[in-house]
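The values are calculated or read from the model by the stated rules, or taken from the named source; none is laboratory data. Because the structure is a prediction, the values reported are computed rather than measured. Every residue, glycine among them, receives a Cβ derived from its backbone with ideal geometry; neighbour counts consider all protein chains shown.
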């Protein structure tokens, strides 16, 4: 075992302990990018059913991480880009483009926040709004000074591996808007920008973060029952829990109760309350 493999093993152990990220499977290989800034972990996860005439089989679970161990992207059993472990081919890194392929027709594409062209985004948002008198709305420092989230928010048949931006901004009326710039990485015209108007104003947002594909989207509150309406996930009927093969948003007030999930389903944006 070489030095990099030893360091990788130690880093993985540290990451799982420090970040609380547990992947259900057996690690079979680790692949570093040429510049050592990222690495891909490949896990083997046994299927809970047998394929006809083949006996049991295994899925490939792939975790892309920065060199620090921070998870960037996860391809798991809930991902539309999942593959069988035996179909895993090899990793090909597109240096400088944030693309890696892991099987024929299967690849991961991602954006680092410091690589976003914020001037281009500002110009296109201004064109969409019809005015330039606006600023980005940052969440409180305790929540990371965030004003945008990068993810895949649509079950998109137009493009593969789209990267969308959810943006908080403040206009001259002091109201806070939430916009989505669809398929930012395809650099298409302004029709890719739209407004999420589920709420009149988003000035209450403190926590603004990504909800990963496959994570439960549910409400911990039943209207009309007062404090008795509070419930945990395991108390929520399965029919009232949504699991998506793509990502969503979580917004919550910083200093008080109130917030929820925003997600795309049935060709529209939806809200799921979280107190």
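Would you confirm whether or not the stretch 141-149 contains a residue that is within 23 Å of residue 263 (Cβ to Cβ), in a loop (DSSP other than H, G, I, E, B), at pLDDT 80 or above and assigned by TED's automatic domain parsing to the domain that holds residue 178? Yes, that holds for at least one residue. Which numbered condition trips up residue 76, out of (1) more than 21 Å from the chain's Cα centre (by Cα); (2) at pLDDT below 80; (3) crowded, with 19+ Cβ neighbours inside 10 Å? Only one criterion in (1) more than 21 Å from the chain's Cα centre (by Cα); (2) at pLDDT below 80; (3) crowded, with 19+ Cβ neighbours inside 10 Å is unmet by residue 76, namely (1).
Residue-wise test of (1) in contact with a helix residue (DSSP H, G or I) (Cβ under 6 Å, 6 or more places away or on another chain); (2) at pLDDT 60 or above; (3) crowded, with 18+ Cβ neighbours inside 10 Å; (4) not assigned by TED's automatic domain parsing to the domain that holds residue 244.
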| site | (1), (2), (3), (4) |
| --- | --- |
| 14 | no, no, no, yes |
| 26 | no, yes, no, yes |
| 63 | no, yes, yes, yes |
| 87 | no, yes, no, yes |
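Looking at the structure I just gave you, is residue 241 modelled with pLDDT of 90 or more and in contact with a helix residue (DSSP H, G or I) (Cβ under 9 Å, 6 or more places away or on another chain)? Against the criterion (modelled with pLDDT of 90 or more and in contact with a helix residue (DSSP H, G or I) (Cβ under 9 Å, 6 or more places away or on another chain)), residue 241 qualifies.
Report yes if residue 214 is closer than 25 Å to residue 73 by Cα, touching a helix residue (DSSP H, G or I) at 6+ places or on another chain (Cβ under 6 Å), modelled with pLDDT under 90 and surrounded by fewer than 19 Cβ atoms within 10 Å (Cβ to Cβ), otherwise no. Answer is no for this residue. Among residues of the stretch 126-141 that are over 13 Å from residue 202 (Cβ atoms), those with a beta-carbon under 8 Å from a residue that is at pLDDT 90 or above and in a strand (DSSP E or B) at least six positions away or on a different chain give the pairs 126/134; 128/179; 134/169; 134/170; 135/169; 135/170.
Sub-7 Å Cβ pairs linking a first residue in the stretch 227-248 that is closer than 24 Å to residue 264 by Cα and in the same structural domain as residue 181 (by TED's automatic domain parsing) to a second residue that is at pLDDT 85 or above and loosely packed, with under 12 Cβ neighbours inside 10 Å, at least 6 apart or interchain, number zero.
Restricting the first member to the stretch 164-189 and to residues that are outside the structural domain of residue 247 (by TED's automatic domain parsing), and the second to residues that are surrounded by 19 or more Cβ atoms within 10 Å (Cβ to Cβ) and modelled with pLDDT under 90, no beta-carbon pair is closer than 7 Å while six or more apart or on different chains.
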